[in-house]
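Data block below; observations after.
No lab work stands behind these numbers, since they all come straight from the coordinates. Since this is a predicted model, take the numbers as computed values, not measurements. Here the Cβ positions follow ideal geometry from the backbone for every residue, glycine too, while neighbour counts run over all protein chains shown.
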Amino acid sequence: MSLQVEELTVYYQTLKGDVRALEEATFRVADGEIMGLAGESGCGKSTLANSLILLKPPMRLVKGRVTLDGEELPIHDMERMNSYRFERISIIPQYAMNALNPTQKIGKIIADLVRWRQVDFDDILPELKRRLDLVHLSYDVLDMYPIELSGGMKQRVVMVLSTLLNPSLLLADEITSALDVSSQKAVMEMLVSFRGWEFVRSVIVITHDLSILYQVADSILIMYAGQLAEKASTVAIIRAPRHPYTRMLISSLPEVGVKHAERRLTGIPGTPPLLLNPPEGCRFRERCPVAFEKCVDVPPFIQIEPGHFVACWKEFETNARA
Amino acid sequence: MRRYFGRKLLIYVLTFFLAVTIDWLIPRFMPGDPVQTMLSRAALHAEAREVMYGYYVRAFGLDVPLWQQYLNFWNALFHGDLGTSVYLFPQPVVKVIMRAVPYDILLLLPAILLSWFAGNHFGAIAARTRWLDNTLLPVGYILTATPYMWLGILLAWVFGIVLGIFPIAGAYSFELRPHLSGAFLASLLKHWFLPFASIFLVKFGGWAIGMRNMIIYELESDYAHYLEALGTPRKLIRKYAFRNAILPQITGLALDLGVIVAGALVTEVVFSYPGIGYLILQAIQNQDYFLIQGCFLFIIIGVLLANFAIDIAYVIVDPRTRLGMTGEGA
Ligand SMILES: Nc1ncnc2c1ncn2[C@@H]1O[C@H](COP(=O)(O)OP(=O)(O)O)[C@@H](O)[C@H]1O
Ligand code: SF4
Ligand SMILES: [Mg+2]
C-alpha cells in the first residue's frame, strides 16, 4: 500500500502569476521503500514534499489525490491534515538545525508536541530514551536548550522527534546538505536503521546530490523543472537510465569516492526554465540533445518496464521500435 | 555567571566614572560664567558686585584649584550633594530635582506600563486578526510616526482650547497649593490627563507595531514551520511565538523605565508639566549649570541602574543569554 500520488499539481500563487512548481506528479512509494527524490535546486522537490504534509498558501492545490495506506489524505485541508501529521506522515525539514524553539528545553518541546496526540510524556519517555540511546545521544539533552547542542546533535534530536510516533511515511528534505561527507554518510545510514527498527515504514529522501542516494535508496525519482522525469530502482537509474536528463546526470557524475563538492548535479549545458512561465511540452526540451517535434507536447509518465517509469517521447519511440 | 556579572559590573563602574567626569566638565568648560550671569540679573553696583562675586565663588566651591574641585565633586556626590542651584539660589540641586521627580513618575510610570501591556496585547491580537491588522494598525503607524510635538499640541488644542475639557498647563491649578484633598487630587488628575494621554498614545502605537511584527516574524521562523508540519495546534505555536516575541519588548520596557528619571522633555515643555524635562529646560534657559549638571547626573545614574536591571532580567528570561555566557572566552 503505502503512498500513492496521482496527478498532483501544485502552484505557488504570486503577484506575477502562478509558479508552476509541480505538474501532474503520479508515482507510488511501496511499503518499506526508501525512495530518493533528486533533481537540481528549484525543480520542485520541496514543493512535492510539502504538498504531502503542509500544503498552505502561497501553495495552491490545482489537482491531484494522495493516498496513504489506502486512505485519502485531506492535503488541501490544513485543519483535517493535523491528525495525520506526525502520526502517519512526518518530516525532517531542511532546516533541522533551527527546527527547535530556541527558548524552550528539548524535553519540554517534545512533551508539548505529544500531549496533543493524547500521549502522556511519561508513558513515552522510556521509548524516547531508548531511541536517543540508539542515535548516540545522552538523555541529558532533554534538559537542555537547543543552543547547547551541536548542529549534528540537534539534527538527531529532530530525527528522533519526527519519528517518535512511528509514522508510515517520513519525508527527509536535504537533511545532509549542511554536513560534511562523513556525517552525511552517518545520517543516511541512520535513516536506513530507522526503517530497520520500524520507527518508519517508508521514506522519501530528498537531495540535489544524487551520489548520497546510491547506498541507501531502493529507488530514485528524478525531477526536472516541476515535472517527473524518471523513476526506477537505484540500480536501474545508475546502470540503465532511460531519460536523456538522467543519462546526462549520471554521466556527469565522477566516479564514486570523489569529493562531495565535485559531485553536484552540474555539467549539463544550459539552465532550467523559470517556472513562472515554463515552456509548453517537455520542459527539458531546450537542453535536450535528442529533442524533436513531438516534444512540444507534455510526455506522459509511463511504465516502460516493471517498476521503471519515464516521461520522454524519444524513449517511447525507441521502445516501440524495439 | 559570576565572571559575567563581574565583567558587566566593571563596565558599568567605568561608564559611571566617565559619565560623571564629563558631567563635571560641562559647567566648567561651557561658555559664560554662571556666577556672573546670576549677579547680572540683580542690578548691583560694582563694589557690591565684587563682594558678592567672591562670596558666591566660595559658596559654589569655585575658589580652589580644578583638581581639588574635581575631588570635592566626587566627595560631595557620595554624600548625595549635587551642589547649589544658581537660579533658585540657595536651594540645593538635589532638593530641586526631588521636587520634580514625583511628577515624572506620576506621568511616565503609568503611561509606560499601561501602553506596554495594552500595546503588546493589541499587537499580538492584530498579528492574527486580519481586519484589525488592516484597520487599526495603520493608525498605530501614524501615531508613532507623528512628531511627538505635533500630537501634544494637537491634543492640547482640541481638548484644552477647542473643547475646553482639560487644562493645558501646569500640574495642578495655580490657585491651589499641594495638599491632600479631593479638590487638589481632582485638579492634579485633570492636569495629568493630556500629557499622559499623549505619551500613552505614541508609546502604544510603537509597542503594538513592534509586537505584531515580532510575532509575525516568529510565526515565519523555522521552528514554527516545523511545529506546523507536525500538526501542532495554532494555539501552541502562538504561545511559543508570543513568548519569544515578548523578550525584546521586555528590554524595551526596561529601557523606557530607566529613562523615566530623564522625564519627557517635549511633553513637559508642551504642557508646562513640572518634571525633570521641564526643569532641564528652565535650567538651560537660566544658564544654571549646576542644576543642569545635577539633572544629567541623576539621569546617568537612572539609566545605568536600569541597564543593569535589564541585564539581570534578560539572563533570567532568555536561556540564550544565560547559556551564551558560559560559552564566552575572556
Ligand atoms: N513561496 C514561494 N513562492 C513562489 N515560488 C516559490 C516559492 N517556493 C518555491 N518557489 C518556486 O518553486 C520552484 C520549486 O521550488 P522548490 O520546491 O523549493 O525546489 P527544490 O526543493 O527542488 O529546490 C522554484 O522555482 C521556486 O522558485
Ligand atoms: S521528451 Fe523530448 S525533450 Fe523531453 S527528454 Fe524526451 S526527447 Fe528530450
Ligand atoms: Mg528544497
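Tabulated values for the structure
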item	result
Separation of alpha-carbon centers, region A:57-130 and region A:154-175, rounded to whole Å	9
At least 15 Å along the helix axis (C-alpha) and Kyte average at least -1.0, DSSP helices within chain A	A:121-134, A:151-162, A:181-196
Antiparallel content of DSSP bridges confined to the protein assembly as shown, in %, to 5	60
Dimensions in Å of region A:1-159 - Rg and Dmax from alpha carbons	17.8, 52
Order by protection proxy (mean Cβ within 10 Å, highest first), peptides A:105-111, A:18-24, B:218-224	A:18-24, A:105-111, B:218-224
Radius ratio Rg over Rh of the protein assembly as shown, counting only Cα atoms, Kirkwood formula for Rh	1.16
Average beta-carbon neighbours from other chains, 10 Å sphere, peptide B:229-242	6
Peptide-level mean, for B:70-76, of C-beta atoms on other protein chains within 10 Å	0
Residues A:Glu198 and A:Arg247, FRET efficiency given R0 of 41 Å [Cβ-Cβ distance, rounded to 0.05]	0.65
Percent RCO, i.e. relative contact order, over chain B, from Cα pairs under 8 Å lying at least 6 residues apart	26
Rg [Å, one decimal], Dmax [Å, integer] - chain A, C-alpha atoms	20.2, 65
Gain in span if fully extended, B:Trp67 to B:Leu265, counting 0.36 nm per residue against the direct Cα distance	68.0 nm
Label-point gap, in nm, between B:Thr15 and B:Trp157 - each point 7 angstrom along Cα→Cβ	4.0
Label point distance in nm, A:Ser182-A:His76, each placed 7 Å from Cα along Cα→Cβ	5.1
Sequence ranges B:265-271, A:295-301, B:84-90, A:87-93, ranked by mean other-Cβ count within 10 angstrom, highest first	A:87-93, B:265-271, B:84-90, A:295-301
Neighbour cut-off at most 12 other Cβ (10 Å), DSSP loop, GluC sites (Glu not before Pro), region A:112-214	A:Glu198
On Cα atoms only, tilt of B:289-317 relative to the major axis of chain B in degrees	20
Estimated [θ] at 222 nm from DSSP helical runs (n ≥ 4, -39500 (n - 2.57)) normalised by residues in chain B, nearest 500	-25000 deg cm²/dmol
Region B:2-78 pair-distance distribution - Cα-Cα, 5 Å bins, rounded %	3, 12, 17, 18, 14, 11, 8, 5, 4, 3, 2, 1, 0
Fewest-first ranking of A:Arg130, A:Arg85, using other Cβ atoms within 10 Å as the exposure measure	A:Arg130, A:Arg85
Tilt relative to chain B, helix B:276-285 - C-alpha long axis, 0 to 90 degrees, to 10	40
Phi to ³J(HN,Hα) by Karplus 6.51 cos²θ - 1.76 cosθ + 1.60 over region A:68-80, Hz, x for Gly, Pro	10, 6, x, 10, 6, 8, x, 4, 7, 10, 3, 6, 5
Debye log10 I(q)/I(0) for chain B, one point scatterer per Cα, at q = 0.07, 0.09, 0.16 Å⁻¹	-0.41, -0.65, -1.32
For region B:18-145, the spread of Cα positions along each principal axis, largest first, Å	76, 34, 26
For region B:176-244 versus region A:300-322, the gap between their alpha-carbon centres in whole angstrom	63
Fluctuation leader among B:Arg99, B:Arg243, B:Arg130 - chain B, Gaussian network, Cα springs under 10 angstrom	B:Arg130
Folded to 0 to 90 degrees: helix B:93-126 orientation relative to chain B principal axis, Cα	10
Average beta-carbon neighbours from other chains, 10 Å sphere, peptide A:96-102	6
